[in-house]
Structure formats: C-alpha cells, structure tokens
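Colleague: Before anything else, here's the structure in question.
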Amino acid sequence: AVGCGALRPLAQRAFFGVVAGGIVGVGFALAGAGVWALAAQRIVLTLTNVVLAWQAVDWRPGPWPGLEKLRRFLPFSFHVLILRGAELASVQMPTILIGALLGSMRLGYFTMAWRIVELASFLIITPVRTAALPSFAARRGQLKGRIDPLFLDTLRLGGFLAIPAFVGL
C-alpha cells in the first residue's frame, strides 16, 4: 500500500515549484521584464520540479536498453505521444485562437483569468489527485473491485469545495 509519507515528496515538489515560479515571475514583472516574467516563472517552476523530483527518487538512468526492449515499448510510446500531442493542442488552442483573432490585450485578460482557474484547481483538486488517488488504487485490490466508500466521500468533498469555487470564478 502507498502511504502518505511516500507521497510527501510529490506534494512538496508541486508546492515548491509553484511558489518558486511565482516569486520569480512576480519579481520579473515588478522589475519590468514584461512577457519574460511569464517565461521566467515557467522555467523556474519546471526546474524546481525537476530538481526536487530527482532528489526524491533513487532511480537513475542506466545503460542503453537495447533494440529488443525498445521495440517492445514503441507501440505504447506511440500512443502516449499521440495522446500528449492531443492534450497539448487542446490546452494551447484557445490561447492561439484568442491571440490570433482577438489580439494581445484580450489574450492577456484570458491568460490572467485562466491562471485564477488553474490556481483554484491546484489548491482544490491537485491535493486529492496526487495524494489520495494512489492510496485508493492501492486499496482497490483489498476491496475486490468494489468502490471504496472513502473514495466516494473524498469525491463528494472535492465536489462540495470545487463546484462553488469554480461557479464563483
């Protein structure tokens, strides 16, 4: 079973990445860096996540796996690549369309509004997803395919908190 202690590094990585990126982004914005503040924020967020994730696990890349192992993973990798590309397109398409059709000022408003939605999602949904769901998956084998009542209670609590927050936004 996955304990809460095993998930602490994941939660810390996400939290400290957002905090470090936010501090750098706001600092750059206050210094007059303009759009580069957004770039700096994203770079620092990602670098913080990478450094903390690297410290949280013992695994390190090994030698070349060989062509046979590579051939086994290519079909899976192809599907993952297609899904990630579709996800990237669905996330970036509104930004591209708004910027192209409505101009940079409206894109700026959209970006700021979307950041508020992302922040609310991060604060309400991400803790449940990153900490609780792996624990529920580990317990699933014990429940012989039945739905865990704690899982349903957690979903209800998440909905109780998230729906009013997102409606308010």
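Colleague: Open to solvent by 90 Å² or more (accessible area, probe 1.4 Å) and touching a helix residue (DSSP H, G or I) at 6+ places or on another chain (Cβ under 7 Å): is that true of ARG106 in this structure?
Modeller: In short, yes.
Colleague: Are there any pairs, at least 6 apart or on different chains, whose C-beta atoms fall under 8 Å, with the first in the stretch 103-132 and in contact (Cβ under 8 Å) with a residue 12 or more places away in the chain and the second surrounded by fewer than 15 Cβ atoms within 10 Å (Cβ to Cβ) and among the polar types (S, T, N, Q), and if so, which?
Modeller: These pairs meet every condition: LEU107/THR95; PHE110/THR95; THR111/THR95.
Colleague: Still on this structure: Give the stretch 10-24 a look and list any residue that's over 10 Å from THR48 (Cα atoms), open to solvent by less than 60 Å² (accessible area, probe 1.4 Å) and among the aliphatic types (A, V, I, L, M), or say none.
Modeller: ALA11, VAL24
Colleague: Continuing with this model, one more query. Against the conditions (1) loosely packed, with under 11 Cβ neighbours inside 10 Å; (2) β-branched (Val, Ile, Thr); (3) more than 19 Å from ARG115 (Cβ to Cβ), where does VAL91 fall short? Just the number, please.
Modeller: (3)
Colleague: Just the residues that are modelled with pLDDT under 70 and of a type in the set (Lys, Arg), please, taken from the stretch 140-169.
Modeller: Across the stretch 140-169, the qualifying residues are ARG140, LYS144, ARG146.
Colleague: Kindly indicate which of ARG60, ARG71, ARG42 is of a type outside the set (A, V, I, L, M, F, W, C), within 21 Å of the chain's Cα centre (by Cα) and open to solvent by 70 Å² or more (accessible area, probe 1.4 Å).
Modeller: That would be ARG42, the only listed residue that is of a type outside the set (A, V, I, L, M, F, W, C), within 21 Å of the chain's Cα centre (by Cα) and open to solvent by 70 Å² or more (accessible area, probe 1.4 Å).
The values are calculated or read from the model by the stated rules, or taken from the named source; none is laboratory data. None of these values were measured; they are calculated from a predicted model. When we count neighbours, we look across all protein chains shown, and the Cβ atoms used for this are built from the backbone with ideal geometry, even at glycine. Areas reflect the complete protein model, heavy atoms only, side chains present, ligands, DNA and RNA absent. Shrake-Rupley method; radii C 1.70, N 1.55, O 1.52, S 1.80 Å.
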